[in-house]
Structures are given as C-alpha cells and as structure tokens.
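For reference, the structure is listed below as structure tokens.
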Amino acid sequence: MVPPKNTCKHIGYCALTRDDAGYSPELVRIIRTKWCHADYTQCARYRVARVLGPKAVPVDFFPTEIERTETFLAQTAS
Ligand code: SF4
C-alpha cells in the first residue's frame, strides 16, 4: 500500500516510531503528528535515512537534530 503523500515512507520501520523502541507513547504520538504524517522532510532522521537507509539511523537520533545530521553523515563517510 502506498502511504499518503504527506506521510514519511519510513514509518513502520523507522526504529524511533516502533512500539518496541522504548519511548513513551506520548512522545511517539507527537513525533508522528509533527513529522511522520506532516513535515517529514524536516525530520533529521529522514535526512540521514535518505542517504544511509533507515536501519543506519540510531534509535536515539531525534527528528529535531538537524545540526547532528551533517556531523553524523560526515562521520559515517570517513
Ligand atoms: S521519525 Fe522521521 S524518519 Fe522516522 S518515520 Fe517519522 S518522519 Fe520518517
């Protein structure tokens, strides 16, 4: 099934949004509302996953960590 246009294609297997990630349901709900089903192109996890694949993004890498994105990608490239 193709996700709706404004839904991140990584939802469902992005580690941060999985139930077994260990984060509170309220935090996961906020992330899904603000990023996964809305402005996912502004999600730091999405930006890393576009380059390295969703499985390469650590579970403690949060959508707000845009500044960490470049550092993380540079570290993985070296
Ligand atoms: S947290 Fe980011 S990468 Fe993960 S599903 Fe949501 S928008 Fe996509």
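Do we find a residue being small (Gly, Ala, Ser), within 11 Å of the ligand (Cβ to nearest atom), assigned to a helix (DSSP H, G or I) and more than 9 Å from the chain's Cα centre (by Cα) anywhere in the range 19-26? Before the answer, list the steps.
First pass over the range 19-26, keeping only residues small (Gly, Ala, Ser): 21-22, 24.
The next check asks that each one be within 11 Å of the ligand (Cβ to nearest atom); those that pass are 21.
Now drop any that are not assigned to a helix (DSSP H, G or I), which leaves 21.
After this cut, where a residue has to be more than 9 Å from the chain's Cα centre (by Cα) as well, the list is 21.
Yes, there is a match, as at least one residue in the range 19-26 is small (Gly, Ala, Ser), within 11 Å of the ligand (Cβ to nearest atom), assigned to a helix (DSSP H, G or I) and more than 9 Å from the chain's Cα centre (by Cα).
Of the residues 49, 38, which is near the ligand (Cβ under 8 Å from one of its atoms) and without any contact (Cβ under 8 Å) to a residue 40 or more places away in the chain?
49
Among 63, 54, 25, which is the only one that is in contact with a helix residue (DSSP H, G or I) (Cβ under 6 Å, 6 or more places away or on another chain) and not hydroxyl-bearing (Ser, Thr, Tyr)?
Checking each option against the conditions leaves just 63.
Residues of the range 17-40 being modelled with pLDDT of 90 or more and small (Gly, Ala, Ser), which ones?
If the condition is that a residue be modelled with pLDDT of 90 or more and small (Gly, Ala, Ser), then 24, 38 are the ones that fit.
Of the residues 14, 43, which single one is near the ligand (Cβ under 8 Å from one of its atoms), surrounded by 12 or more Cβ atoms within 10 Å (Cβ to Cβ) and at pLDDT 95 or above?
Among 14, 43, only 43 is near the ligand (Cβ under 8 Å from one of its atoms), surrounded by 12 or more Cβ atoms within 10 Å (Cβ to Cβ) and at pLDDT 95 or above.
Looking at the range 1-14, is at least one residue touching a residue at least 12 places away in the same chain (Cβ under 8 Å), of a type in the set (A, V, I, L, M, F, W, C) and assigned to a helix (DSSP H, G or I)?
no
The values are calculated or read from the model by the stated rules, or taken from the named source; none is laboratory data. Quantities reported herein were computed from a predicted structural model and do not represent experimental measurements. As a convention, Cβ positions derive from the backbone with ideal geometry for all residues, glycine included, and neighbour counts pool all protein chains shown.
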